[in-house]
Every structure is written in structure tokens, then in C-alpha cells.
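K.L.:
Can you read through this structure? Questions will come right after.
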Amino acid sequence: MKVNVALGSNAYDVTIGPGARHELGAILEQACAGYQSCVIVTSKELRGQAWFDIDHRNDATVLEVPEGEGAKSFESLAVLCEQLAALKVSRRDVIVSVGGGALSDVCGFAAAVYLRGIKVIHIPTTLVGQVDAAIGGKTAINLGAGKNLVGAFHQPVAVLCDSETLETLPERERRSGFGEVAKCWLLEDRRSSALASASLDELILLSVTLKARIVAADEFESGERALLNYGHTLAHALEVLALSRDPDMLRHGEAVGVGLAFAARLAFALGRIDESEVANHDEVLSYFELPTTVPQEFSTRSIVDAMGHDKKAHHDLTFVLAGENGFEVVRGVEQGLVAQVLDEFRAER
Ligand code: GLY
């Protein structure tokens, strides 16, 4: 299955399905004609997986970088760029990221800034990567002050979403990936009752198709693309707080699950949706076995403060919320109300 991200001269295909990684050789020949060398960037752990048999003329150099949110740093970026320079990687060459969302973020950012930009192909190996992070050209590293605060838009030349790479995912990683899938399901206004008949490949296809459509309409997030941040105002705040304690405390998808449950309650408190829609959110999240509990360690005050620092907040509390006109970006939500709804939400669980 292929989904085209229709970005004019920067258009590219997302190939979805078991074995999609084996398209790499053909894509290098077609989309990167005349390339001299290909550098695969992955993690030590992924390199050892049985599926790491990627077709690339057998002459690619493989670089290992750390996985995980903690690796989205200036330090990792500098090490990677120095390695590319030591290999004399030129603008004619291609980087191929093979890994999760954090790896494609830092690798995509290196591709965006090294030599002012070289081609990158993503082979995302987590569900978050396949349905979200690797598509749409957002690349970033984190600052102490917030997630993804330094980055660039840099579209890949192709994305290969191979479901075989998901088979070896640790259980927690696999389950948390459904946070972004749940987001797409809700943004597409699907009911929880229809989930039982959807296969994993159909869920990936639905999510990729939604993302491709939105990115094609609003590449640089001046409008509609912000809707993809549904559930992310709280999620990013929780992730920032978790990062300063223990980078392993909260996966992105887990944080998104909590953020979606909270966004439904906030929309309800603002009179935008009724109880049945809150229940639909809860049923979708429960179907995917996503946790919806805010970690006890964080005070409501610290979470609300962290929400105000999110780069999408523009110094105000901004949420994507459901409503009778569909999903909308709602700015200027009062901090007091957010804190109250958050306290009530925490007390429920
Ligand atoms: N992850 C949201 C976006 O790519 O816009």
C-alpha cells in the first residue's frame, strides 16, 4: 500500500506493509538517482534484529546512535554530524534512518542541517514512527525548557513503514504506539465500536492517510496541521516533567493517551461536547489499553506551568479540542479552569 504526501516537487510516497523495507534499494535508485553512498543510522539494538537485512547494494555504512527521547540533544546531533563529516558524506549522498520517532527526529534534523540539507529516507520501526513521527518532515531535538524546541522542516524522499519491524518491539513500546493511532481514530471521528473490525495495517493506513492529507494541505503548520497535536498540550507537559526525572518514565504514546482523555474532559467542561463523546474517547483509549493516569509525582501546578511553556502555546494555554464544528485549535483557555479539570480528572482515577 502506498500513500502519497502531495507536496509538489517535494512529494513522496509512504509505503506500508510487511516487507516494505526491501523497497529501499529501488527507492535509492529512483528517488536518489546518482547518489554515491548511503549511510544507515540506527541503534545498536535494532542492528541486531533479524529483520535488519536492508537491501542497499551492501555498501552502506551503518552508524549507531542512542535510541530514546534522551538522545534528542545537541550532543547527539553534534556526534552524528561529526561522523557524517568524517565519512565525507556529501550532498549527493543519502541518510537512511532506521528506528523509532526519537531517532528519526534527530537523524532528520542532522539531514536538514548537515551541509545545509541532504536527502533522508525514514524506515520507522515503532508504531509512533510509522503513523506520525517519520511522516511530514518535522525534525527536532529537545531543550531543557521543552520538547522539540529546536528543529527544522525537512521532508524525507520516502518513508517505508514495515510492519515486520514492529513484531520485535518490546510490549510497552508496541502498546504505547497506539496513543497516536487513537488520536487519528478520534480525529477521523470514528466510533470505538468500529475498532474491533480494523486490522493493524488498516489502522496504520488510516493514520498515515490522515497525516498525509493534513501535511499536504499545511506543510508548515500555519493552520490545519496543528490539529495533529490533539492531546499533545498535556502530553508534552508530562513528557518534559518526566524527562527531567527519568527519560524512561513515560513513552510519547502513553503521554498522548493521557492527553486525549484530558482533552475530552476539557472540551466537556467548556460545553463543546457531551458525555457520550467523553465516553467514546475513554472506550477508544481502553481498547488500545492505553494508560490514562497522570503520574502522581507531578503537581497540577507544575503541569499547568509546563503547558504554558509548550512552543505551540504562544504564551497562552492552547488546546486542540473537539466541538460541534469538529476539531479546532482553542487559544486562551484559562489556567484556573485547566487546573480544575485536571484535578477532577486526577481524582477520577
Ligand atoms: N506530530 C505532529 C505533526 O507532525 O505535525
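The values are calculated or read from the model by the stated rules, or taken from the named source; none is laboratory data. This structure is a prediction, so every number in the text was calculated from the model and none was measured. Using ideal geometry, Cβ is built from the backbone for each residue, glycine included, and neighbour counts are taken over all protein chains shown. Surface accessibility is based on the protein's heavy atoms, side chains included, excluding ligands, DNA and RNA. Shrake-Rupley method; radii C 1.70, N 1.55, O 1.52, S 1.80 Å.
K.L.:
Please give the contour-minus-distance gain from ARG191 to GLU344: 0.36 nm per residue of separation, less the Cα-Cα distance, rounded to one decimal in nm.
P.N.:
Working: separation 153, 0.36 × 153 = 55.08 nm, distance 2.50 nm.
Between ARG191 and GLU344, full extension yields 52.6 nm more.
K.L.:
Take the eigenvalues of the Cα gyration tensor for segment 5-77, scale each by 5, and report the square roots as semi-axes in whole Å, largest first. Intermediate values should be presented prior to the final figure.
P.N.:
On the way: eigenvalues 106, 61, 42 Å².
Working from the Cα gyration tensor, I get semi-axes of 23, 17, 14 Å.
K.L.:
I've got another one for you. Pairs of alpha-carbon atoms within less than 8 angstrom and 6+ residues apart define the contacts here; what relative contact order does the chain have, in percent?
P.N.:
Numbers: 661 pairs, mean separation 53.3, N = 349.
Once normalised by length, the contact order is 15 percent.
K.L.:
With respect to the cross-link table entries LYS44/LYS72; LYS44/LYS211; LYS183/LYS211; LYS2/LYS211; LYS88/LYS119, which display a Cα-Cα separation exceeding 20 Å? Mind dumping the intermediate values first?
P.N.:
Values: LYS44/LYS72 16 Å; LYS44/LYS211 30 Å; LYS183/LYS211 11 Å; LYS2/LYS211 13 Å; LYS88/LYS119 15 Å.
Table pairs above 20 Å Cα-Cα are LYS44/LYS211.
K.L.:
For segment 80-202, what is the percent of antiparallel DSSP beta bridges, rounded to the nearest 5?
P.N.:
Working: 5 of 13 bridges.
Counting only bridges with both partners in segment 80-202, antiparallel ones make up about 40 percent.
K.L.:
Take the chain, connect every pair of alpha-carbon atoms lying under 10 Å apart with a spring to form a Gaussian network, then pick out the residue of LYS119, LYS183, LYS88 with the largest mean-square fluctuation.
P.N.:
LYS88
K.L.:
Let me ask something else about it. Please work out whether segment 103-162 counts as rounded, prolate or oblate from its C-alpha gyration tensor, where a ≥ b ≥ c are the square roots of the eigenvalues and a/c under 1.5 means rounded, while otherwise a/b larger than b/c means prolate and anything else oblate? Don't skip to the end; give the middle numbers.
P.N.:
Values: a/c = 2.40, a/b = 1.20, b/c = 2.00.
It is oblate, given that a/c is not under 1.5 and a/b is not larger than b/c.
K.L.:
Assuming 0.692 mPa s and 37 °C, estimate D for segment 148-190 with Stokes-Einstein, Rh taken as the Kirkwood radius over Cα pairs, in µm²/s. Write out the running numbers ahead of the final one.
P.N.:
Values: Rh = 13.2 Å.
Approximately 248 µm²/s, per Stokes-Einstein.
K.L.:
If you don't mind, another one. In µm²/s, what is D for segment 94-223 at 37 °C and 0.692 mPa s, where D = kT/(6 pi eta Rh) by Stokes-Einstein and Rh is the Kirkwood radius from Cα pairs?
P.N.:
215 µm²/s
K.L.:
Could you put HIS232, HIS22, HIS309 in order of accessible surface area, largest first, with the 1.4 Å probe and the full protein assembly present? Provide the component values of the computation, followed by the final result.
P.N.:
Details: HIS232 10, HIS22 85, HIS309 130 Å².
I get HIS309, HIS22, HIS232, largest accessible area first.
K.L.:
Report the full-extension gain for the segment GLN335 to ASP248: residue separation times 0.36 nm, less the Cα-Cα distance, to one decimal in nm. Mind dumping the intermediate values first?
P.N.:
Working: separation 87, 0.36 × 87 = 31.32 nm, distance 2.84 nm.
Length gained between GLN335 and ASP248: 28.5 nm.
K.L.:
Stokes-Einstein diffusion coefficient for segment 268-330 at 4 °C in a medium of 1.567 mPa s, Rh from the Kirkwood formula over Cα pairs: what value in µm²/s? Let's see the in-between values first.
P.N.:
Details: Rh = 13.8 Å.
Value of D from the Cα-based Kirkwood radius: 94 µm²/s.
K.L.:
Based on C-alpha coordinates, I'd like the Rg and Dmax of the chain, in Å.
P.N.:
Both quantities, over Cα of the chain: 19.6, 60 Å.
K.L.:
Need the full-extension length gain, ARG91 to ARG213, defined as separation in residues times 0.36 nm minus the C-alpha distance. One decimal, nm.
P.N.:
Values: separation 122, 0.36 × 122 = 43.92 nm, distance 2.92 nm.
Going from the current span to full extension adds 41.0 nm.
K.L.:
Follow-up. Beyond 16 Å, how much of the Cα-Cα pair distribution for segment 211-295 remains, as a whole percent? Could you put the intermediate results ahead of the total?
P.N.:
On the way: 2114 of 3570 pairs.
For segment 211-295, the share of Cα pairs beyond 16 Å comes to 59 percent.
K.L.:
Follow-up question, since we're still on this one. Per residue, how much accessible area does segment 190-349 have with a 1.4 Å probe, in Å²? Each step should come with its number before you reach the end.
P.N.:
Details: 7060 Å² over 160 residues.
Accessible area per residue: 44 Å².
K.L.:
Can you work out the Karplus-derived ³J(HN,Hα) for every residue in segment 296-305? Use 6.51 cos²θ - 1.76 cosθ + 1.60 with θ = phi - 60°, whole Hz, and x for glycine or proline.
P.N.:
4, 4, 9, 6, 4, 4, 5, 5, 5, 4
K.L.:
Taking only Cα atoms of segment 1-138, what ratio of Rg to Rh do you get with Rh as the Kirkwood inverse-distance radius? Walk me through the numbers on the way to the answer.
P.N.:
Details: Rg = 13.9 Å, Rh = 15.1 Å.
Using only Cα positions, Rg/Rh for segment 1-138 is 0.92.
K.L.:
Residue by residue, what Karplus-based ³J(HN,Hα) values in Hz, rounded to whole numbers, does segment 331-346 have, using 6.51, -1.76 and 1.60 with θ = phi - 60° and x for Gly and Pro?
P.N.:
Each residue of segment 331-346 in turn: 9, x, 6, 4, 4, x, 5, 4, 4, 5, 5, 5, 4, 5, 4, 5 Hz.
K.L.:
After finding the eigenvalues of the alpha carbon gyration tensor for segment 248-288, what semi-axes result from the square roots of 5 times each, listed largest first in whole Å? Write out the running numbers ahead of the final one.
P.N.:
Details: eigenvalues 91, 29, 4 Å².
One finds semi-axes of 21, 12, 5 Å for segment 248-288.
K.L.:
What 222 nm value per residue comes from the helices of the chain, counting each DSSP H run with n ≥ 4 as -39,500 (n - 2.57) and dividing by all residues, nearest 500 deg cm²/dmol?
P.N.:
Numbers: 12 runs with 139 residues, N = 349.
Counting only the DSSP helices, I get -12000 deg cm²/dmol.
K.L.:
From zero up to wherever the largest Cα-Cα distance of segment 169-232 sits, split into 5 Å bins and tell me the percent of pairs in each.
P.N.:
Per 5 Å bin, starting at zero, the Cα-Cα P(r) for segment 169-232 comes out as 4, 16, 25, 25, 17, 10, 4, 0 percent.
K.L.:
May I ask you to list the trypsin sites (Lys or Arg not before Pro) in segment 211-286 that are in a DSSP loop and have at most 14 other Cβ atoms within 10 Å of their Cβ? If you can, show how the numbers build up before the last one.
P.N.:
Numbers: sites: LYS211, ARG213, ARG225, ARG245, ARG251, ARG265, ARG272; in loops: ARG245, ARG251, ARG272.
Passing sites in segment 211-286 are ARG245.
K.L.:
Write down the percent of antiparallel bridges among all DSSP beta bridges whose residues are both part of the chain, to the nearest 5. Could you put the intermediate results ahead of the total?
P.N.:
Values: 12 of 31 bridges.
Percentage antiparallel, nearest 5: 40.
K.L.:
If I model a spin label as a point 7 Å beyond the Cα along the Cα-Cβ vector, how far apart are those points for ALA6 and LEU115 in nm?
P.N.:
3.3 nm
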